[in-house]
Amino acid sequence: MSRIGKMPVAIPAGVDFKVDGSNHVVVKGPNGTLSQEMHKDMIIKVDGSVVTVERPSEQKLHKALHGLTRTLIANMIEGVTKGFTKTLEINGVGYRAQKQGKKLTLTLGFSHPVEMNEPEGITIEVPAPNQIIVKGADKQLVGHVASKIREKRPPEPYKGKGIKYSTEVIRRKEGKAGAKKK
């Protein structure tokens, strides 16, 4: 039995959880509504305020889907109650971010500013010129938007300039070693 898959998921008060016959899961909560189509073979049961996921057989595919389905459901419930955040840091002289309405403008050393629109369901905050916070209910979408922002200027290993996650550690490299002056 999957250690993660067999754990029950608690549905907190204020969260509406629905699953239909084709395993289409809809979760409504204070932070919005999320819906996702789960694999048709998985058995999703709702008992009061607890959701359990079972697998129909011991096939390799069903074993793999067991823990995945349970985790996706748990992330949906956590997303509509607490939400998810990713924090990005900008390092480099003259590198900065600013928010204008629903548009994020990044100055990253290019000849032009890089502009990105805020997708639906995501909130981008810029508390400081060198910090970006991406918030939302959908864990996958928050991670995707944060990676798209980081992709505009990934951190380089020599000076550490670029956009990185706040928890990311950049392995630094040494510069040229053999340049001696005569």
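The values are calculated or read from the model by the stated rules, or taken from the named source; none is laboratory data. Here the structure is a predicted model, which is why all the values come from computation and not from measurement. Using ideal geometry, Cβ is built from the backbone for each residue, glycine included, and neighbour counts are taken over all protein chains shown. Only protein heavy atoms, including side chains, enter the accessible area calculation; ligands, DNA and RNA are left aside. Shrake-Rupley method; radii C 1.70, N 1.55, O 1.52, S 1.80 Å.
Some observations on this one:
- Residue list for the range 5-28, restricted to those being part of a loop (DSSP other than H, G, I, E, B) and at negative phi: GLY5, LYS6, MET7, PRO8, ILE11, PRO12, ALA13, VAL15, ASP20, GLY21, SER22
- Residue list for the range 133-155, restricted to those being open to solvent by less than 60 Å² (accessible area, probe 1.4 Å) and either more than 19 Å from the chain's Cα centre (by Cα) or within 17 Å of VAL93 (Cβ to Cβ) (or both): PRO155
- Counted residues, the range 156-166 - those being farther than 13 Å from ILE132 by Cα, in contact (Cβ under 8 Å) with a residue 40 or more places away in the chain and open to solvent by 30 Å² or more (accessible area, probe 1.4 Å): 2
- Of all the numbered requirements in (1) surrounded by fewer than 19 Cβ atoms within 10 Å (Cβ to Cβ); (2) touching a residue at least 24 places away in the same chain (Cβ under 8 Å), ILE11 misses one, and that requirement is (1).
- Considering residues of the range 83-132 that are loosely packed, with under 13 Cβ neighbours inside 10 Å and acidic (Asp, Glu) only, the residue nearest to PRO155 (Cα to Cα): GLU115
- Leading residue by the ranking (most open to solvent (accessible area, probe 1.4 Å)) among those in the range 41-69 that are touching a Lys or Arg at 6+ places or on another chain (Cβ under 8 Å) and part of a helix (DSSP H, G or I): LYS63
- Residue list for the range 2-19, filter: at pLDDT 90 or above and among the small types (Gly, Ala, Ser): ALA10, ALA13, GLY14
- Among the residues of the range 143-172, the one identified as among the acidic types (Asp, Glu) and touching a Pro at 6+ places or on another chain (Cβ under 8 Å) is GLU168.
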